[in-house]
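One structure below.
The values are calculated or read from the model by the stated rules, or taken from the named source; none is laboratory data. Every value quoted in this text rests on a predicted model; they were computed, and no experiment measured them. Because the Cβ atoms are built from the backbone with ideal geometry, glycine has one as well, and the counts that use them run over all protein chains shown.
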Amino acid sequence: MNRRGLTLFESLIAIGLLLATVTAVMSALAAGRQHANEARMSLSAGLAAEMLMARVTAKASTEEGWNDLEVWNGYQESMGQIEAGSGALLPEAYQSMDLQVHMAEGRHEIPAIAVRVDGRDVRVEARDTNGQLLAQVVRFVPEPQQP
C-alpha cells in the first residue's frame, strides 16, 4: 500500500512543533525589546542627570556661584518637566523620570601631600515612576580658594 499524505496524528505533531517554534521566537523578540527599552531608559536617565549636574555646578568655581550652590539642595524636576540648560523642555524620551539634587558638606583628604579640600558632595538622581533608581551622578565640588 502506497501512502501519499500525512496522517492526522503526524499533522498534529507538525502543528505542535510549529507552534512551539513560533512561541519561542516571539518570546525572544519580546525579551529583546524589553531589554532595549530598559537600556534606552537608563541611557536617557544618565544623560538627563549629567545635564542637571552641569547646570548645578556650572558656576560653583566662583565665590558667588559657591554661595548660590546651596539653593540647589533638594531641587527636583518632576516627570514631564525635565529641562535643558536653556530652560526649554527636553524631548519626550527624557520626560518619564524624576530628577532630584542632594548635597552634603564634604572634605576630601589627600594624605600623600597632606592636603584637605573642603567642598560639597553633589548627587543627582534619576528615578522612574516607581521610585526605582535609574541613574546617579555624584561629584565633589571644591570650595573656591581666596586669592
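Scanning region 115-132 for residues that are surrounded by fewer than 17 Cβ atoms within 10 Å (Cβ to Cβ) and in contact with a Phe, Trp or Tyr (Cβ under 7 Å, 6 or more places away or on another chain) yields one hit, 121. Inspect all residues belonging to region 31-49 and state whether any of them is among the basic types (Lys, Arg) and within 17 Å of the chain's Cα centre (by Cα). Among the residues of region 31-49, at least one is among the basic types (Lys, Arg) and within 17 Å of the chain's Cα centre (by Cα), which makes the answer yes. The set of residues in region 81-110 that are surrounded by fewer than 12 Cβ atoms within 10 Å (Cβ to Cβ), within 24 Å of the chain's Cα centre (by Cα) and touching a residue at least 12 places away in the same chain (Cβ under 8 Å) comprises 85, 104.
Closer than 30 Å to residue 38 by Cβ, of a type in the set (D, E, K, R), part of a strand (DSSP E or B) and at pLDDT 90 or above: is that true of residue 55 in this structure? Against the criterion (closer than 30 Å to residue 38 by Cβ, of a type in the set (D, E, K, R), part of a strand (DSSP E or B) and at pLDDT 90 or above), residue 55 does not qualify. Looking at region 66-74, is at least one residue within 15 Å of the chain's Cα centre (by Cα) and outside any loop (DSSP other than H, G, I, E, B)? No, the conditions are met nowhere in region 66-74.
Answer yes or no: is there a residue in region 67-81 that is of a type in the set (Gly, Ala, Ser) and within 30 Å of residue 119 (Cα to Cα). Outline the logic, then answer.
Let us first name the residues in region 67-81 that are of a type in the set (Gly, Ala, Ser), namely 74, 78, 80.
Next, from what is left, pick out any that are within 30 Å of residue 119 (Cα to Cα): 74, 78.
Scanning region 67-81 turns up at least one residue that is of a type in the set (Gly, Ala, Ser) and within 30 Å of residue 119 (Cα to Cα).
In region 111-129, what residues are under 26 Å from the mean Cα position of the chain (by Cα) and at pLDDT below 90? Quick ask: steps written out before the conclusion?
Keep residues of region 111-129 that are under 26 Å from the mean Cα position of the chain (by Cα), which gives 119-129.
Within region 111-129, just 129 meets the criteria.
Determine whether region 19-32 contains at least one residue that is farther than 30 Å from residue 142 by Cα, out of contact with any Leu (no Cβ under 9 Å at 6 or more places or on another chain) and not in a helix (DSSP H, G or I). Looking for residues that are farther than 30 Å from residue 142 by Cα, out of contact with any Leu (no Cβ under 9 Å at 6 or more places or on another chain) and not in a helix (DSSP H, G or I), one finds none in region 19-32, hence no.
Listed here are the residues, each with its yes/no results for (1) among the polar types (S, T, N, Q); (2) surrounded by 10 or more Cβ atoms within 10 Å (Cβ to Cβ).
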| site | (1), (2) |
| --- | --- |
| 73 | yes, yes |
| 77 | no, yes |
| 113 | no, no |
| 134 | no, yes |
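Here are some conditions: (1) at pLDDT below 95; (2) surrounded by 15 or more Cβ atoms within 10 Å (Cβ to Cβ); (3) among the acidic types (Asp, Glu). Residue 63 meets all but one. Which one does it not meet? Of everything listed in (1) at pLDDT below 95; (2) surrounded by 15 or more Cβ atoms within 10 Å (Cβ to Cβ); (3) among the acidic types (Asp, Glu), residue 63 misses just condition (2).
Mind listing whichever residues of region 26-69 are among the acidic types (Asp, Glu) and free of Cβ contacts under 8 Å to residues at least 40 places away in the same chain? Give the steps one after another, and end with the answer.
Start the filter on region 26-69 by keeping residues that are among the acidic types (Asp, Glu), which leaves 38, 50, 63-64, 68.
38, 64, 68, listed by residue number.
Answer with yes or no whether residue 78 is modelled with pLDDT under 95, among the hydroxyl-bearing types (Ser, Thr, Tyr) and farther than 25 Å from residue 39 by Cα. For residue 78, the condition - modelled with pLDDT under 95, among the hydroxyl-bearing types (Ser, Thr, Tyr) and farther than 25 Å from residue 39 by Cα - is not met.
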